[in-house]
Amino acid sequence: MPNLTATAWALLGMLSYDTELSGYDIRKWINWSMRFFYGSPAYSQIYSELKKLEEQGFVTSRVESSAGGRNRRLYKITESGMTAVTRWANEAPLDPPVLKHSAILRVTLGHLTNPARLKELLQEHLAWVERMHLEAAKDARWADVEPAWAFARVGLQWAERHYAAERELTLQMIKDLDEAQAVFAQAASGTEAGIPWPKPEYWYEIEKKADAEEAD
């Protein structure tokens, strides 16, 4: 199996259809579907990966003159590229999802701020989540107009449900902050200046107890 980046495999997968695509076309498709669950690479990264794929013989490109005298480069998958991406889709092990949730990280380090500020940050996150939910729902509906987009629609429907669930989780997290502040205040009471935190030996003892309970 070729040692390609995740973005490169995604680009090959998009080129596996019967249509030549420009870098602009590819970016538009990513923004329409894959950004909801796989991020959205910059144009520079897209063109860099396409160049590498062409050097490896997985895609070819040609320059097309379009109306207005502007040229654009179109990319097409090769037979070896199709073989590689088909094998990847069927045989490559799944990578575990990597969650980088800045809102939860802020809450986890909530001792550095206060519940009021955390609620402001979570409201910002909530606004983003609701926007993503609406956009995913819209794209899922419009994917239904074209049979060739049937599998893309499944991914978009998942994204719609995912952001709906994320909204509920965020609302619950906002409610939980007041209780967390009250509990944390108990740890801080009667201590000297500074942020209270158990010694590492205590962590390990708790870990042992948790593992023993799980074993039972």
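The values are calculated or read from the model by the stated rules, or taken from the named source; none is laboratory data. As the structure is a prediction and not an experimental result, all values here were calculated from the model. Virtual Cβ from ideal backbone geometry, glycine too; neighbours counted across all protein chains shown. Quick note on the areas: whole protein, heavy atoms, side chains included, nothing else; ligands and nucleic acids left out. Shrake-Rupley method; radii C 1.70, N 1.55, O 1.52, S 1.80 Å.
For (1) among the polar types (S, T, N, Q); (2) in contact with a helix residue (DSSP H, G or I) (Cβ under 9 Å, 6 or more places away or on another chain); (3) open to solvent by 80 Å² or more (accessible area, probe 1.4 Å), each residue gets a yes or a no:
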| position | (1), (2), (3) |
| --- | --- |
| Asp139 | no, yes, no |
| Asp144 | no, yes, yes |
| Ala150 | no, yes, no |
| Ala164 | no, yes, no |
| Lys175 | no, no, yes |
| Ala182 | no, no, no |
| Trp197 | no, yes, yes |
Among Glu135, Glu213, the single one that is charged (D, E, K, R), loosely packed, with under 12 Cβ neighbours inside 10 Å and either over 22 Å from Arg35 (Cα atoms) or at pLDDT 90 or above (or both) is Glu213
Practice task
Return yes when Glu54 is out of contact with any His (no Cβ under 6 Å at 6 or more places or on another chain), over 14 Å from Ala152 (Cβ atoms), of a type in the set (Asp, Glu) and open to solvent by less than 30 Å² (accessible area, probe 1.4 Å) and no when it is not.
Solution key: no
Taking the stated definitions as given, is Arg117 over 22 Å from Phe37 (Cα atoms) and open to solvent by 90 Å² or more (accessible area, probe 1.4 Å)? yes
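For (1) small (Gly, Ala, Ser); (2) within 29 Å of Ala127 (Cα to Cα); (3) surrounded by 16 or more Cβ atoms within 10 Å (Cβ to Cβ); (4) touching a residue at least 12 places away in the same chain (Cβ under 8 Å), each residue gets a yes or a no:
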{"site": "Thr7", "(1), (2), (3), (4)": "no, yes, yes, yes"}
{"site": "Ser22", "(1), (2), (3), (4)": "yes, no, yes, yes"}
{"site": "Asp95", "(1), (2), (3), (4)": "no, no, no, yes"}
{"site": "Leu99", "(1), (2), (3), (4)": "no, yes, no, no"}
{"site": "Leu105", "(1), (2), (3), (4)": "no, yes, no, no"}
